[in-house]
Amino acid sequence: MKKQVKVISRPKPSLRDRLYLPAIFDGLKITTKHLFGNLKDINQMDVLEYPEEQPTDISDRYRGLHRLTHREDDSIRCVACFMCATACPSSCIYIEATEREDGVDEKMPKIFNIDLLECVYCGYCVEACPCDAIRMDTGIFSVIGDKREDFVLDREKLLSHKAKEV
């Protein structure tokens, strides 16, 4: 059985297309048109005075920052099964397990860190957790920091986050 290959001939791009300069000038023309239009009537520009004004157009489906949940007896619900870290596509979750002293479960996390600068907020960690220990329902959509360490959430910070009130 002989395979048939269909050859498609492509037209040669014109000189205008090969130079790219006309496309660059078209883009600059649109940009300057918007610039001078905004400068002419500066009061019509849509501006949000953040953080004094908070955005109102955030979808109800927005996940928000992560949080670790508690049990009814106020102990940590996480059993350090590493399912969330395994499911994470960006590998931003680091867990170190230790034995649990209260006898409720076998393990608990000694260290539970999430690097927000690497996180893609996909929610796979929430879906993968078998005991509903991690959630993304805080409603917090902005994190501020001066250095990289400010964007790494540790266990205590994750436990201190509360769910968004509906």
### Query
Give me the pairs: first residue in segment 38-67 and modelled with pLDDT of 85 or more, second residue loosely packed, with under 11 Cβ neighbours inside 10 Å, beta-carbon distance under 6 Å, and six or more apart or on different chains, which are they?
N38/M45
#### Entry: Residues within segment 20-37 that are basic (K, R) and at pLDDT below 90, tallied
0
### Task
Please specify each residue of segment 133-166 satisfying the condition of being of a type in the set (K, R), under 17 Å from I76 (Cα atoms) and surrounded by 12 or more Cβ atoms within 10 Å (Cβ to Cβ).
R135, R155, K157
### Query
Of the residues that sit in segment 17-34 and are under 31 Å from the mean Cα position of the chain (by Cα) and open to solvent by less than 90 Å² (accessible area, probe 1.4 Å), which one is nearest to V143 (Cα to Cα)?
T31
### Summary
D17 passes all but one of the listed conditions (1) modelled with pLDDT under 85; (2) of a type outside the set (G, A, S); (3) not in a helix (DSSP H, G or I); the exception is number (3)
### Task
State all residues of segment 106-125 that are open to solvent by 50 Å² or more (accessible area, probe 1.4 Å) and either part of a loop (DSSP other than H, G, I, E, B) or within 20 Å of R71 (Cα to Cα) (or both); if no residue qualifies, say none.
E106, K107, K110, I111, L117, E118, V120, Y121
### Task
Output yes when any residue across segment 74-84 is open to solvent by less than 50 Å² (accessible area, probe 1.4 Å) and either hydroxyl-bearing (S, T, Y) or modelled with pLDDT of 95 or more (or both), and no when none is.
yes
### Subset tally (residues that are part of a loop (DSSP other than H, G, I, E, B) and within 22 Å of I140 (Cβ to Cβ)) for segment 75-102
6
### Single residue of P130, P51, P55 found to be surrounded by fewer than 17 Cβ atoms within 10 Å (Cβ to Cβ), part of a loop (DSSP other than H, G, I, E, B) and in contact with a Leu (Cβ under 8 Å, 6 or more places away or on another chain)
P55
### Query
How many of the residues making up segment 133-166 are under 18 Å from the mean Cα position of the chain (by Cα), in a loop (DSSP other than H, G, I, E, B) and under 11 Å from L68 (Cα atoms)?
6
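The values are calculated or read from the model by the stated rules, or taken from the named source; none is laboratory data. Everything quoted here is computed from the prediction, not taken from an experiment. Every residue, glycine among them, receives a Cβ derived from its backbone with ideal geometry; neighbour counts consider all protein chains shown. Quick note on the areas: whole protein, heavy atoms, side chains included, nothing else; ligands and nucleic acids left out. Shrake-Rupley method; radii C 1.70, N 1.55, O 1.52, S 1.80 Å.
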